[in-house]
1. Taking the beta-carbon count within 10 Å as an exposure proxy, list B:281, B:138, A:223 from fewest neighbours to most.
2. Rounded to the nearest 10 degrees, what's the angle between the helix B:39-61 long axis and the longest principal axis of chain B, both from Cα atoms, 0 to 90?
3. Send over the per residue convex hull volume for chain B, Cα only, as a whole number of Å³.
4. Quick one: angle between helix A:234-263 and the longest Cα principal axis of chain A, in degrees between 0 and 90, rounded to 10, please.
5. Over the stretch B:42-189, what number does the Rg to Rh ratio reach, with both radii from the alpha-carbon atoms and Rh per Kirkwood?
6. Before rounding to the nearest 500, sum -39500 (n - 2.57) across all DSSP H runs of length at least 4 in chain B and divide by the residue total; then give [θ] at 222 nm in deg cm²/dmol.
7. Highest mean first, how do A:207-218, A:152-163 rank when packing is the count of other Cβ atoms within 10 Å averaged over residues?
8. Taking the alpha-carbon centroid of each part, what is the distance from the stretch A:2-25 to the stretch B:240-294 in angstrom?
């Protein structure tokens with residue numbers, strides 16, 4: 001077990017290093033010079049600017065050769081220095097920006113996961129209990145239907161419906177905390193993305209459990225149906241679902257990118273787009289580091305948690 | 001069952017002991033039968049077929065050129081003259097939607113073709129050879145799959161464009177070949193390659209898994225015992241058996257490619273104007289959504305319908321092609 005985890009850890013950390021290297025190389029060779037871009041936007045451009053540009057490049061360490069820059073970046077990163085933003089919020093430490101942005105996305109994601117989990121497990125149980133009857137078919141096809149619509153389509157359509165047609169809400173804009181009215185629409189849309197995965201997994205796990213002998217035994221000894229569902233069926237079902245819910249954090253960072261962009265929520269997804277549009281190296285690298293790290297850690301956690309939750313895996 | 005001509009008639013003993021004449025169906029006929037019973041999947045197939053037909057003949061039946069501007073007629077609602085109205089520059093929305101369909105179909109086919117080619121090669125190689133090469137290839141595909149897909153695609157699209165344009169500029173100055181002057185198709189090439197890059201690992205895993213599991217089957221062992229060559233086993237057993245899951249994955253991949261292209265163009269990173277893409281039309285329409293909502297709603301509804309159709313089609317194929325289901 002320990003060797004298995006060690007190999008996993010090695011696999012993921014070497015992978016992370018490789019990804020950082022490739023991302024840095026892409027920035028260095030492809031993204032363009034952020035300092036020059038700063039000046040192109042101003043009209044006049046003279047020899048004095050060249051001097052300032054050189055000084056600025058030196059300041060951000062952009063005049064070093066590629067490998068030196070990458071080495072410095074890694075070294076600083078390990079010491080908790082993520083660099084300073086070059087163009088997005090000039091000279092502000094990137095770590096500070098990340099610490100401000102990430103909690104917003106996490107709150108959105110967490111609220112959406114809770115709602116998606118509650119609704120999804122409920123619907124999954126329902127459709128498994130009514131297996132192949134109309135309740136099941138309706139649930140599965142409507143979940144498939146909702147799952148099919150991209151978030152960048154569903155948000156504009158909901159805006160049109162709720163704001164222009166029904167006049168129920170004002171245009172939600174920006175971030176005012178997770179309990180503010182404006183957070184309802186993004187949370188609802190993100191949780192729609194969570195729902196199908198949870199419903200499908202709960203349903204299929206439930207169907208598998210339904211025909212188990214111990215469920216038949218429980219029923220044979222006269223246990224009430226509600227108790228059978230809660231005590232005997234739900235527990236083995238919740239194991240894979242809990243794992244999935246953990247993994248859903250991955251898709252939430254991706255998925256909330258569009259929602260945050262459309263509704264101008266100052267979260268991590270919007271930071272990705274802003275950083276890339278402004279060619280802000282340290283910001284883009286931070287986005288890559290955090291985005292990849294979250295997924296790698298969650299993958300690694302699955303490897304650890306699964307044996308703890310499921311005794312059958314532990315026995316192997 | 002209309003395909004009965006192909007099936008030989010065999011006798012079958014039913015539960016009550018009486019003998020009835022049944023039809024023997026092969027896997028594909030069986031799958032087609034299951035598929036036709038699922039009306040959502042059939043609906044999805046019809047929508048996808050319509051989409052592909054419109055994408056092919058679209059520019060021929062388009063009433064206007066998709067770039068033709070007429071500022072005097074900007075922001076018109078649907079009328080006899082302009083079937084779906086006009087956009088902020090007075091361009092005919094219907095013609096632009098048809099052109100966008102072509103973009104979407106082009107992206108779907110090219111991306112899936114490239115990732116299927118790479119994925120099948122890598123997967124088959126990994127599955128057959130095993131060992132260190134397998135370990136390495138699966139590590140790479142794990143890494144790509146673990147990265148947030150959208151982030152990877154955005155990075156590739158934004159960072160590879162500039163060096164290629166610069167490289168083409170110098171190539172043009174050296175060779176004076178007009179080919180290097182036109183970079184309009186570069187948007188497409190970049191979107192194809194970025195999407196294929198995140199698409200192949202899933203297919204490689206699938207192919208590898210199929211190769212490994214089918215090689216374990218008893219009928220392959222039997223064939224081997226009878227002296228069949230590896231080549232024969234590959235052609236007669238592995239490929240036909242892996243086809244079903246592969247068709248499902250490819251359908252899902254096409255839907256996913258259309259989704260990602262629309263999303264990228266929506267963010268202003270994928271297909272750039274003046275090329276028409278549903279995603280960029282949606283983004284352009286969003287600017288005026290409170291005054292002229294049809295500019296936003298038309299592309300939004302279209303993307304939604306096509307995506308849902310692909311999902312239902314993929315789901316129906318998944319159910320139909322699973323040989324363990326017998327109905």
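1. Least to most surrounded, the residues fall as A:223, B:138, B:281.
2. Its long axis makes an angle of about 40 degrees.
3. With only Cα atoms used, chain B gives 216 Å³ per residue.
4. 40
5. On the way: Rg = 21.5 Å, Rh = 19.5 Å.
Taking Rh as the inverse mean 1/r over Cα pairs, Rg/Rh reads 1.10.
6. Values: 11 runs with 222 residues, N = 327.
Roughly -23500 deg cm²/dmol at 222 nm, from the helical runs in chain B.
7. A:152-163, A:207-218
8. Measuring centre to centre over Cα atoms gives 32 Å.
Each value in this text was obtained by applying a stated rule to the coordinates, not by laboratory testing. The model shown is predicted, which means the values in this text are computed figures rather than measured ones. All Cβ positions, even for glycine, are placed from backbone atoms using ideal geometry, and neighbour counts span all protein chains on display.
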